[in-house]
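Here is the structure we will look at, set down as structure tokens.
FYI, it's all coordinate maths here, none of it is from the lab. On a predicted model such as this, the values are computed, not experimentally measured, just so you know. Because the Cβ atoms are built from the backbone with ideal geometry, glycine has one as well, and the counts that use them run over all protein chains shown.
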Amino acid sequence: MTRAPATLDCIRGHLVGLRMPRALEVLEHLLRQLERGELSPIEAIDQLLDEELSLREGRRVKAALKMGRLLNIKTLTGFDFGFQPSLDRNRILTLAGLDFISRHEVVHFLGQPGCGKTHLAIALAVEAVMRSMATRWSDEDIAASLNRMGLRTGQDKSWNAKRVISLRRVHGIHAYRSAEKDGEWLTMSEASAMLGVNAHAIRRLIKDGVLPAEQVVADAPWQIRAADLREARVAEALAARKAPRRAPRQTELPIFPDA
């Protein structure tokens, strides 16, 4: 594939105009993969858009946290119920189930200053954000995102995967299966490494129905069973992708003959 400098400059200009910084950042890398024959044009476009979408999803969560004014993470485990004996602990824990969100209901905390209203409100907001993030990102990604946003734990510590896992377990928040490491379920990148192919080859196998995979919700990470990667149909499909394309026969006429 030969590059046309004027066309590339035009593409870069379009990406800037469309406010797609991540796509602009990976463009050069994808072009090199195209030149080496590692990607088809449609796969390159797919990866370009996927990179930009991932960046925007991260921004969406960050904006949600800022909009909720979650300047410091507060959790229900850090709330001193003994300080407010009149508070119905079971009712608060029921609210932590977040069923009121699916019912489109609003929760108001009323009371005197200093009774813990802000702490409880932030704790429920964090619970909602954590549940949303856990269906899409790994514990490492959640911890990294919280740290990049300058958010701290209730004990004013930075986040790591173990602290995210601890918070999930306390509140019964389940991560997607490939994030709960037991060797049975893999992420797309882990499946790619196991088969020695790129993520687009895995995505194509999934789209073609060759490789079974699951998503907790739409746009969540794909969850792939490790055992399915060893199926013969997967190896055959990958071998077919690597096979050289048949050259046109001399008896075949081109659709668009040269003028």
Query - Nonlocal amide H pairs with LEU186, under 5 Å, H built at 1.01 Å - result: ILE224, ARG225, ALA226
Query raised in the report: At LEU93 and ASN160, where each label point lies 7 Å from the Cα along Cα→Cβ, what is the point-to-point distance in nanometres?
Result: 2.9 nm
Report summary line: For the stretch 39-53, in residue order, the Karplus 3J(HN,Hα) values (coefficients 6.51, -1.76, 1.60; θ = phi - 60°; whole Hz; Gly and Pro = x) are 9, 8, x, 5, 5, 5, 5, 4, 5, 4, 6, 5, 4, 5, 5
